[in-house]
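Enquirer: I have a structure I would like to understand better, so I am pasting it below and will then ask my questions one at a time.
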Amino acid sequence: MNSALSDPPLPGTAVEWSGAAHRQTKWDWRAVANFIGGGTGAGLLLVAVLAAPSALAFRIQFGLGLAVIALGLLCIMAKLGRPGRALNIFRHAETSWMTRESLAMPTLFAGGLIALWQGSVGIMAWVAVLSALFFLYCQARILSDAKGIPAWSAPALVPLLLASGLAEGFGLAALVAPLVGGVMPPLAGLLLAALVLRLATWRRYRRSLASVGAPTESRKVLDELHGNFVVSGHGLPLVLLVLALLLGEPATTGLTASAGLFAALAGWAFKFILVTRAGFFFQKSFSLSAAMALGKKRG
């Protein structure tokens, strides 16, 4: 992040916030890909153990979940300025949510690969799922710890990111379901519940922006997103899912897969806009009177 977000003021000076907000430029699409991978992958792993209709479906959904998380991690690794110092990320578990995120990876991938080899839901599958959910929670807290960016540090963002991750993963599972024998009613029900939860947390998050002091620029970006996010990412897939549950097969598979596509795309677009376009911060600056007082002290 910009150093202005964290640099402490000089002793004896007064700090004020400037009126103009600035958009962060340190985190780009590679950071977004990691957030997408963590959320979508965790949702895929969870739905695989809860609603996979066969061993083949379990392997495909579970394997896809692991691959999506790994792809997101590869993207963020490509952003490292000093790859040789990457292992330092494991050294600050007491203070860093990024370190805690990295500590979830060994059990996530080890348990996940063993579960894939076993081809069934067992202890190792649940170890991987719980690690993935903790991984997702850590990612949400990484953004919430960016205290200089109000649209990210709003407490209501954490449940929204958790709900969006589940909706994205369940949606992608529904999209690939036709390849593994069709959609079972439990998957459609899980996706419907995740969408309702994401919509509720999205509304709560938007209401909280003013109270946390989010810049007008951030709120404008998110307001522009609101209509499409609600209609295309929730209203349309919810209608498709209700129809799928009412009509039954053979309509269920196609309708649920379509709903899953809309649900996943909406979550990915939301994360891209949140990170790359809505991350505005107020530049710290020294007031003229404080600067003059400091000059007198040094003189």
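Every number in this text was worked out from the coordinates using simple rules, so none of it is lab data. No experiment lies behind these values; they were computed from the predicted model shown. Cβ placement follows ideal geometry from the backbone for every residue including glycine, while neighbour counts extend to all protein chains displayed.
Enquirer: Between Arg203 and Leu71, what is the FRET efficiency for a Förster distance of 30 Å, r being their Cβ-Cβ separation, to the nearest 0.05? List each step's numbers first, then the result.
Expert: Numbers: r = 31 Å, r/R0 = 1.02.
With a Förster radius of 30 Å, E is 0.45.
Enquirer: Using 0.36 nm times the number of residues separating Leu50 and Val242, minus their current alpha carbon distance, what extension gain do you get?
Expert: On the way: separation 192, 0.36 × 192 = 69.12 nm, distance 2.02 nm.
Fully extending the segment from Leu50 to Val242 adds 67.1 nm.
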